[in-house]
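Read through the structure below, which is laid out as structure tokens, and then see the notes.
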Amino acid sequence: MGLVILAVSGIAFAEPAKERGAYLGAGLAGTMFDDGGAFAGFDFDDSDSGLGIFGGYKFLKHFAVEARYNDFGTFTLEGLGVDVSSLSVHAVGIIPFGDSGWELFGQLGLGTVEFELDGVSEDESVGSAGLGVRFSWPGNFAVAAQLDAYAYEDTSLGASYDVGVTSTMISFQYIF
């Protein structure tokens, strides 16, 4: 709530987001693991908190490329911790709202997701998509709220399951 009040009160002092340049950011997220039914009948805790770090370059007013590392947290399966993380690259489309400092953005990406259970890890290729809104303050700082989904088809258990992780993140970034 405080973020919303702070963002709204800063509208009068906003400046348009920079049209080009590098940026770095980090955020905290709530995460959900969708097993696609693979763990039906098992005791499975499918939510946790996570964090993400990212960096990118805004080539044009409406386009950026971004690399990300996400730690989605630890989910429990029959009392065992399953650590899930990803490394990905995204094409980011941006729609600025005039000179208000607000932007809507969407992204599509590819990468890998790593699952680690009891010291054994498995990597899978993953596709991702997301939407968000960002507010840039005068100077070089911005805050964003975004929803991202990472998904792949898992056949390691014999059958085919559509598996995914969603992340709802609040992030802060520094724009160079």
statement: Of the residues in the range 19-67 that are over 19 Å from the mean Cα position of the chain (by Cα), among the hydrophobic types (A, V, I, L, M, F, W, C) and in a strand (DSSP E or B), the one that is surrounded by the most Cβ atoms within 10 Å (Cβ to Cβ) is 44
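Report yes if some residue within the range 108-121 is more than 12 Å from the chain's Cα centre (by Cα), surrounded by fewer than 19 Cβ atoms within 10 Å (Cβ to Cβ) and within 19 Å of residue 64 (Cβ to Cβ); otherwise report no. Before the answer, list the steps.
Looking only at the range 108-121, we keep the residues that are more than 12 Å from the chain's Cα centre (by Cα), and these are 110-121.
From the residues that got through so far, the ones that are surrounded by fewer than 19 Cβ atoms within 10 Å (Cβ to Cβ) too are 110, 112, 114, 116-121.
From what's left, within 19 Å of residue 64 (Cβ to Cβ): 110.
Checked against the condition, which is being more than 12 Å from the chain's Cα centre (by Cα), surrounded by fewer than 19 Cβ atoms within 10 Å (Cβ to Cβ) and within 19 Å of residue 64 (Cβ to Cβ), the range 108-121 yields at least one hit.
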Unmet criterion (only one of (1) surrounded by 18 or more Cβ atoms within 10 Å (Cβ to Cβ); (2) without any contact (Cβ under 8 Å) to a residue 60 or more places away in the chain) for residue 78: (1)
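No lab work stands behind these numbers, since they all come straight from the coordinates. Not measured: the values here are computed from a predicted model. All Cβ positions, glycine included, derive from the backbone under ideal geometry; neighbour counts span all protein chains shown.
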